[in-house]
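**Student:** The structure under discussion is supplied below as structure tokens; questions concerning it will follow.
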Amino acid sequence: MIANKDLMNNFYAAFQRLDSVGMNRCYSDDIVFFDPVFGLLKGDEARYMWDMLCKNAKDFSLTYDNIQVLDEEYCTCDWVATYTFSKTGRRVVNRIKANMRFSNGKIIEHSDAFSIHKWSKQALGLTGELFGWNSFFQRKIKNQARRNLLKFIASKT
């Protein structure tokens with residue numbers, strides 16, 4: 001069985017290559033994913049999210065480090081995604097803390113933590129800086145991300 005730290009490393013190495021198939025191979029069939037923008041995704045929704053993000057990435061680079069094994073089930077790491085946000089053409093450097101839970105050589109839970117306000121300042125400019133802290137504005141960002149994901153899934157099925 002592959003060690004959890006190695007599995008986390010494989011996931012982010014695949015992400016660096018924008019290889020969503022390789023990323024999703026690291027996930028269990030019933031993966032549970034959460035982040036501040038997409039919210040809670042389960043199973044195929046999470047896999048399609050990575051597929052969508054990898055296929056739509058522009059000027060993308062990713063670094064990751066500080067992988068920490070917390071116990072036999074959990075690891076964390078820090079990662080930074082740098083890319084051009086397609087809707088505005090603005091450069092984004094998103095700093096993220098990942099937490100993963102493992103079982104039987106697969107990732108069964110994955111959560112990413114980052115500030116939507118910091119992200120929106122970079123991605124949306126002045127609008128994000130002025131309103132990115134507001135829960136109504138954040139909900140608009142989340143709803144748009146969800147619509148984009150559902151549209152992507154519909155195009156694949």
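Taken together, the values in this text are just the output of simple stated rules run on the coordinates, not laboratory data. All values reported here derive from a predicted model rather than from experimental measurement. Heads up, the Cβs are rebuilt from the backbone with ideal geometry, glycines too, and the neighbour counts pull from every protein chain shown.
**Student:** Do any trypsin sites (Lys or Arg not before Pro) in region 34-109 lie in a loop, going by DSSP, with at most 16 other beta-carbon atoms within 10 Å of their beta carbon, and if so which?
**Tutor:** LYS58, LYS87
**Student:** Under 8 Å for C-alpha pairs, at least 6 residues apart: give me the relative contact order for region 4-156, rounded to a whole percent.
**Tutor:** Value for region 4-156: 22 percent.
**Student:** Enumerate the calculated ³J(HN,Hα) couplings along region 4-19 in order (Karplus 6.51 cos²θ - 1.76 cosθ + 1.60, θ = phi - 60°), each rounded to whole Hz, writing x wherever the residue is Gly or Pro.
**Tutor:** 4, 4, 5, 5, 5, 4, 4, 4, 6, 5, 5, 4, 4, 8, 6, 9
**Student:** What are the principal axis extents of the Cα atoms in the chain, in Å, biggest first?
**Tutor:** Principal-axis extents of the Cα atoms in the chain, largest first: 48, 36, 28 Å.
**Student:** Hey, if you put +1 on the Cβ of every Lys and Arg and -1 on every Asp and Glu Cβ in region 4-156, which of LEU126, ALA13, PHE152 ends up farthest toward the positive end of that dipole?
**Tutor:** Most positive-ward Cα: LEU126.
**Student:** Once region 111-151 is represented by equal point scatterers at the alpha-carbon sites, with solvent omitted, what log10 I(q)/I(0) does the Debye formula produce at q = 0.14, 0.23, 0.24, 0.26 Å⁻¹?
**Tutor:** -0.30, -0.75, -0.80, -0.89
**Student:** How much length would be gained if the chain were fully extended between SER135 and ARG95, taking 0.36 nm per residue of separation minus their Cα-Cα distance, in nm to one decimal?
**Tutor:** The SER135-ARG95 span can extend by a further 12.3 nm.
**Student:** A further question follows. With just the Cα atoms defining each centre, how far is region 86-144 from region 19-68? Give it in Å.
**Tutor:** Taking the Cα centre of region 19-68 as reference, the centre of region 86-144 is 13 Å away.
**Student:** For VAL69, VAL37, which order do you get if you count the other beta carbons within 10 Å of each Cβ and list the fewest first?
**Tutor:** Arranged by neighbour count, lowest to highest, VAL69, VAL37 become VAL69, VAL37.
**Student:** Only Lys, Arg, Asp and Glu count, each charged at its Cβ (+1, +1, -1, -1), so figure out the dipole size of region 83-157 about its Cα centre, rounded to 20 debye.
**Tutor:** 160 debye
**Student:** May I ask you to evaluate 6.51 cos²θ - 1.76 cosθ + 1.60, the Karplus curve with θ = phi - 60°, for each residue of region 108-119 and list the ³J(HN,Hα) values in order in whole Hz, giving x for glycine and proline?
**Tutor:** For region 108-119, the Karplus-derived couplings read 9, 9, 9, 10, 10, 10, 7, 8, 5, 4, 4, 4 Hz, x marking Gly and Pro.
**Student:** Could you run the Karplus curve 6.51 cos²θ - 1.76 cosθ + 1.60 with θ = phi - 60° over region 128-140 and give me ³J(HN,Hα) per residue in whole Hz, x for Gly and Pro?
**Tutor:** x, 5, 6, 10, x, 7, 7, 5, 4, 5, 4, 4, 4
**Student:** Go ahead and run the numbers for FRET between ALA57 and ASN104, Cβ-Cβ distance against an R0 of 30 Å, rounding to 0.05.
**Tutor:** Taking R0 as 30 Å, the efficiency between ALA57 and ASN104 is 0.50.
**Student:** Considering the dipole of region 4-156 built from charges on the beta carbon (Lys and Arg +1, Asp and Glu -1) around the Cα centre, which of MET49, ILE96, PHE137 is farthest to its positive end?
**Tutor:** Of the candidates, PHE137 comes out farthest on the positive side.
**Student:** Counting other Cβ atoms within 10 Å, keep those with at most 15, restrict to DSSP loop, and tell me which GluC sites (Glu not before Pro) in region 63-117 are left.
**Tutor:** Those that pass, being in a loop and sparsely packed, are GLU72, GLU73.
**Student:** If you don't mind, another one. Can you sort TRP79, TRP133 so the residue with the fewest Cβ neighbours within 10 Å comes first?
**Tutor:** By the 10 Å Cβ count, ascending, the order reads TRP133, TRP79.
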